[in-house]
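To keep things clear, I will list the structure first and then write my remarks on it.
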Amino acid sequence: MSDVVKRVIIVGGGIGGLCTAIGLRQAGVEAIVYEQAEVLSQVGAGLTIWANAIKALRKLGLADAVIGAGSKIEHGEICTAGGRTLSRSEPGELERLFGEPTVAIHRADLHDILLSALPADTVRLGAKCTSFEQGADGVTVRFAGSQADRGDLLVGADGIHSAIRRQLFPEVRLRYSGYTAWRGVVTTGDEAALGVTSESWGCGSRFGILRIDKERVYWFATANAPAGRTLTPAERKGFLQQRFRGWHHPVELLLESTPSEEILQNDIYDLKPIGRWVKGRIVLLGDAAHPTTPNMGQGACMAIESSFVLAHCLSQERDLDGALRRYETERMPRTAWITDQSWKIGRIGQLENPLACKARDFVLRILPATMTRKTLERAASYEL
């Protein structure tokens, strides 16, 4: 471990921040996480932990707990709004290809597993970061209410709207994808909903279904729309029911079964890959550094990978500057590729012109499985 890094302050208690704290503490470094939320509630919906992130979690000793809390994705398919299959994987294919399962899990369940791997005093709530100052011998982080702390390194893991990134690189601007997403979690006994993982493509809209445990299904929906449109919970549900009326079963069932107040809505942004994540004793991680659209299901996976790599670099390099340069060198090409590929998939999936959609669907249907699998393999076969 670097002789100059003995105490690390992490701003952001999400997946990336907690995994970083776990990795650092396992390496013998004191890591304190500051989270602006007053309480850690059961927020969020579902997410996908691909085999590449399961491998990183296994190195942290958490893979089996995550696999047990979620639902293995045995196979999946892309289909039309009417339910016609365009592309599919065979049962068990993902685990055979990548050596670890791919798991769908509720974000809150994953969060609980990560929290349980840390001492109780590691995460400090109700701490909104307002600024930081660094010098040759450390960095001071200030929080609302005159609270402050000092460490050898500050990790900005505070998400896509990162306050740390804004102070470091104020010129950086997020990129709007052109579409909005809605998400929900439903308890159901419907066999179709609990069956194959699927994503259905229409014109300007998509709908995804993932089982996250024995009786719960996570769904997401997208629609092309200007940024910043706000709807009441009742308006959200009404809009979705109208937008997806006539889509194949169980799309309408899932929308009807979800309480309107539990439907989450977010405009989809990412960040065009930037050339720097480090400035002195401050480093960005996860969505603060490399937010991506959700089209490859790799957002949380990239944060998990990056957290492991950062902790590993700090444990292997005795010089802080060298460790942070190594972290950037190892992570930037991969996360940039994921961001770019995910952006392109989103552009194709959100095509709105009916003729373009027909052409897209035809090409996807006739492409050999080996060709459609290449991008997936590059993402999920990654070894740390």
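The values are calculated or read from the model by the stated rules, or taken from the named source; none is laboratory data. Treat the numbers as computed from the prediction; the structure is a model and nothing was measured. Reconstructed Cβ throughout: ideal geometry from the backbone, glycine too, with neighbour counts over all protein chains shown. Remember, those area values only see protein heavy atoms, side chains included, never the ligands or the DNA or RNA. Shrake-Rupley method; radii C 1.70, N 1.55, O 1.52, S 1.80 Å.
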| Only one of (1) among the hydroxyl-bearing types (Ser, Thr, Tyr); (2) more than 19 Å from Ile282 (Cβ to Cβ); (3) without any contact (Cβ under 8 Å) to a residue 24 or more places away in the chain fails for Thr329. Which number is that? | (2)
| field | Unmet requirement for Gln167, which otherwise passes all of (1) open to solvent by less than 10 Å² (accessible area, probe 1.4 Å); (2) assigned to a helix (DSSP H, G or I) | value | (1)
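Quick one: in segment 1-13, of everything that is in a loop (DSSP other than H, G, I, E, B) and modelled with pLDDT of 95 or more, which residue is nearest to Val123 (Cα to Cα)? Quick ask: steps written out before the conclusion?
Of segment 1-13, the ones in a loop (DSSP other than H, G, I, E, B) are 1-6, 12-13.
Now narrow it down to the ones that are modelled with pLDDT of 95 or more: 12-13.
Numbers: Gly12: 9, Gly13: 7 Å.
My answer is Gly13.
Give Ala227, Ala181, Ala223 a once-over and let me know the one that is in a loop (DSSP other than H, G, I, E, B), within 24 Å of the chain's Cα centre (by Cα) and modelled with pLDDT of 95 or more. Let's see the steps before the verdict.
Working: Ala181 fails: in a loop (DSSP other than H, G, I, E, B); Ala223 fails: in a loop (DSSP other than H, G, I, E, B).
Answer to the selection: Ala227.
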| remark: When segment 75-93 is checked residue by residue, the ones that are touching a strand residue (DSSP E or B) at 6+ places or on another chain (Cβ under 8 Å) and either part of a loop (DSSP other than H, G, I, E, B) or under 20 Å from Ala300 (Cβ atoms) (or both) are His75, Gly76, Ala81, Gly83, Ser89
| So which of Ile105, Ile113 ends up being on the phi < 0 side of the Ramachandran plot, part of a strand (DSSP E or B), in contact (Cβ under 8 Å) with a residue 24 or more places away in the chain and open to solvent by less than 70 Å² (accessible area, probe 1.4 Å)? | Ile105
| remark: The condition of being among the small types (Gly, Ala, Ser), open to solvent by 20 Å² or more (accessible area, probe 1.4 Å), at pLDDT 95 or above and in a helix (DSSP H, G or I) holds, among Ala359, Ala303, Ala323, only for Ala359
| message | Could you check segment 184-204 and list, in sequence order, the residues that are assigned to a loop (DSSP other than H, G, I, E, B), open to solvent by less than 40 Å² (accessible area, probe 1.4 Å) and modelled with pLDDT of 95 or more? | response | Gly202, Gly204
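Collect the residues in segment 19-51 that are under 23 Å from Asp213 (Cα atoms) and assigned to a helix (DSSP H, G or I), keeping them in residue-number order. Don't jump to the end; show me each part of the working.
Initial filter on segment 19-51 (under 23 Å from Asp213 (Cα atoms)): 19, 40-51.
Passing the criteria: Cys19, Ala51.
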| query | Considering Val172, Val141, Val155, which residue is within 20 Å of Gly275 (Cβ to Cβ), assigned to a strand (DSSP E or B), hydrophobic (A, V, I, L, M, F, W, C) and modelled with pLDDT of 95 or more? | reply | Val155
| request: Among the numbered conditions (1) surrounded by fewer than 21 Cβ atoms within 10 Å (Cβ to Cβ); (2) under 17 Å from Ser306 (Cα atoms), tell me where Thr85 comes up short. | output: (2)
| Is it the case that segment 253-270 has a residue that's touching a Lys or Arg at 6+ places or on another chain (Cβ under 9 Å), under 30 Å from Glu330 (Cβ atoms) and surrounded by 13 or more Cβ atoms within 10 Å (Cβ to Cβ)? | yes
| request: Return yes when Arg365 is in a helix (DSSP H, G or I), open to solvent by 60 Å² or more (accessible area, probe 1.4 Å) and in contact with a strand residue (DSSP E or B) (Cβ under 6 Å, 6 or more places away or on another chain) and no when it is not. | output: yes
| query | Val172 passes all but one of (1) surrounded by fewer than 22 Cβ atoms within 10 Å (Cβ to Cβ); (2) in contact (Cβ under 8 Å) with a residue 40 or more places away in the chain; (3) under 18 Å from Leu254 (Cβ atoms); which number fails? | reply | (3)
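Would you confirm, using the coordinates I've provided, whether Ile22 is of a type in the set (A, V, I, L, M, F, W, C) and under 30 Å from Ala144 (Cα atoms)? Walk me through how you get there before you give the answer.
On the way: of a type in the set (A, V, I, L, M, F, W, C): yes; under 30 Å from Ala144 (Cα atoms): yes.
Against the criterion (of a type in the set (A, V, I, L, M, F, W, C) and under 30 Å from Ala144 (Cα atoms)), Ile22 qualifies.
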